[in-house]
Amino acid sequence: MVASSAAAANIYPLSSYTFGTKEPKMEKDTSVADRLARMKVNYMKEGMRTSVEAILLVQEHNHPHILLLQIGNTFCKLPGGRLKPGENEIEGLKRKLTSKLGANSPALVPDWQIGECVAIWWRPNFETIMYPYCPPHITKPKECKKLFLVHLSEREYFAVPKNLKLLAVPLFELYDNVQRYGPVISTIPQQLSRFHFKMITQ
């Protein structure tokens, strides 16, 4: 018996999606140090960075998988990125998703259905570490990152930049795997545990 309070999400098979490629999307930073330095410059100009990222779910073998972008051989991230100052979170995430995974033809761009915000993370300082709360002594956090569940339609076309890989990673692989995926991505299984997933088979 599923509690009626659980939010529901339909998850479609990975095989019902089509994947193509598009021109490389060059990363603005070649290292973590570069990224933190750029964050510092932007902070001086615009204040706290606000970023939005998408949890895109597919299923294989009746188990939810999350689509992650892989850069190089090791680093994985959720699709998304930084909002422009004053930009709406939902519109900004749609813009970022289209930039990362949308085809160049507007007719093929997925109809991004942005759903629930499942997590908010805070970066207190210009360091890699983030927390799922803002530490009490921090009055000026440097970044606020929000993770949204995106409800995919049954069939979509994703255009993956040639320099990135799109991986479907099972929840059991992410769970508690901080060494490989970092604290934000490795805790997504816990954040999704309140959802009732309906596995739609073809």
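The values are calculated or read from the model by the stated rules, or taken from the named source; none is laboratory data. These figures come from a predicted structure and were not determined experimentally. In this analysis, Cβ positions are derived from the backbone assuming ideal geometry, glycine residues included, and neighbour counts consider all displayed protein chains. For accessibility, only protein heavy atoms count, side chains too; no ligands or nucleic acids. Shrake-Rupley method; radii C 1.70, N 1.55, O 1.52, S 1.80 Å.
Of note:
- Estimated Rh, region 39-81: Kirkwood, alpha-carbon pairs, angstrom: 12.8 Å
- Net charge dipole size for the chain [Lys, Arg +1 and Asp, Glu -1 on Cβ; Debye, nearest 20]: 620 debye
- Legend: P(r) of the chain from all alpha carbon pair distances, 5 Å bins from 0, whole percents, reading 1, 7, 14, 19, 21, 18, 11, 6, 2, 1, 0.
- 1.4 Å probe accessible area per residue over region 101-202, in Å²: 52 Å²
- Dipole magnitude (debye, nearest 20) for region 38-140, charges at Cβ of Lys, Arg, Asp, Glu: 560 debye
- Taking all Cα-Cα distances within region 98-202, those exceeding 25 Å account for 36%.
- This model, with +1 at the C-beta of Lys and Arg and -1 at the C-beta of Asp and Glu, gives region 46-92 a dipole about its Cα centre of some 160 debye.
- Label-point separation, C134 to S99 (7 Å along Cα→Cβ), nm: 2.4 nm
- Take region 28-79 with all the other protein chains still there, run a 1.4 Å probe, and you get 50 Å² of accessible area per residue.
- Whole-percent carbon and sulfur share, accessible surface of region 104-190, 1.4 Å: 55 percent
- Exposure check, 1.4 Å probe, all protein chains in place: V150 carries approximately 10 Å² of accessible surface.
- √(5λ) per eigenvalue of the Cα gyration tensor, region 65-125, largest first, Å: 20, 18, 12
- In this structure, the residue pairs whose Cα-Cα separation is over 28 Å, taken from K22/K84; K84/K162; K140/K165; K28/K165, are K140/K165.
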